[in-house]
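First comes the structure, then the notes that go with it.
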Amino acid sequence: MKIKKENSDFIKHYSRVQLRLYTYLLASVHNRNDADELMQEVSLILWESFDKYDPSYDFAGWALGIAKNKVKEHMRSRKRAPVFGENFYESLVQLAQYSDDNQAERIELLQKCIKKLNTSDRKLLLMRFKKEFSVKKISEITGRSGNGIYKSLARIVALLRSCIKRELLRQE
């Protein structure tokens, strides 16, 4: 069976960014089912509009732009505010655009930095991102306000980001 050149071009580009797209979606919506659904929608849009894609433009940037729009649409439809604000999600898009070559290294650094967090911060991170508890549920469990939980999560993300940057600089 012969595959058309444009189909093989799409497959080549898509296979290079698929993991980055999913990582971005999951980090944005914090729910595997929603991320899976969004991934299917984004993939379909990319496939259907590939004939409009300009090869002189970065495919990853184009695909992540579509994913970003789907996340915004998803948040609006669920009447949910983004957990960390627009700047955080912009940072995720930028991080996702980097090559996957160092992904294992970055995951290793993230795990190392998480181990450096105090116990209560690690527990909060675990509840929110691994167990996928809502902020409301975490608030009920901990007896803290939802606003306090959001602020703590933002602080923890900032700590992890600066820890990873320090570790990367140390390796250079």
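For the condition more than 28 Å from Ser134 (Cβ to Cβ), at pLDDT 85 or above, outside the structural domain of Leu126 (by TED's automatic domain parsing) and in a helix (DSSP H, G or I), Ser15 qualifies.
Taken as a whole, the range 150-166 holds no residue that is touching a Leu at 6+ places or on another chain (Cβ under 9 Å), exposed (fewer than 15 other Cβ atoms within 10 Å of the Cβ) and either modelled with pLDDT under 90 or not aliphatic (A, V, I, L, M) (or both).
Please go through the range 57-77 and give me each residue that is in contact (Cβ under 8 Å) with a residue 12 or more places away in the chain and either outside the structural domain of Ile45 (by TED's automatic domain parsing) or in a loop (DSSP other than H, G, I, E, B) (or both), ordered by number. Hit for the range 57-77 is Asp58, nothing else.
Just one of (1) over 14 Å from Ala27 (Cβ atoms); (2) modelled with pLDDT of 80 or more; (3) in the same structural domain as Tyr22 (by TED's automatic domain parsing) fails for Arg80. It is (2).
Take Val42 and decide whether it is within 30 Å of Leu153 (Cα to Cα) and at pLDDT below 90. So Val42 fails the test. Return yes or no: is Arg106 charged (D, E, K, R), closer than 19 Å to Leu38 by Cα and at pLDDT below 90? No; evaluated as a whole, the condition is false for this residue.
On the given criteria, is Asn31 free of Cβ contacts under 8 Å to residues at least 24 places away in the same chain and under 18 Å from the mean Cα position of the chain (by Cα)? So Asn31 fails the test. In the range 144-159, the residues that are assigned by TED's automatic domain parsing to the domain that holds Arg128 form Cβ pairs under 6 Å with partners that are acidic (Asp, Glu) and modelled with pLDDT of 90 or more, at six or more places apart or across chains, as follows: Ile156/Asp121.
The values are calculated or read from the model by the stated rules, or taken from the named source; none is laboratory data. Fair warning: this is a prediction, and the values are worked out from it, not measured in the lab. Methodologically, a virtual Cβ is constructed for each residue, glycine included, from the backbone with ideal geometry; neighbour enumeration extends over all protein chains shown.
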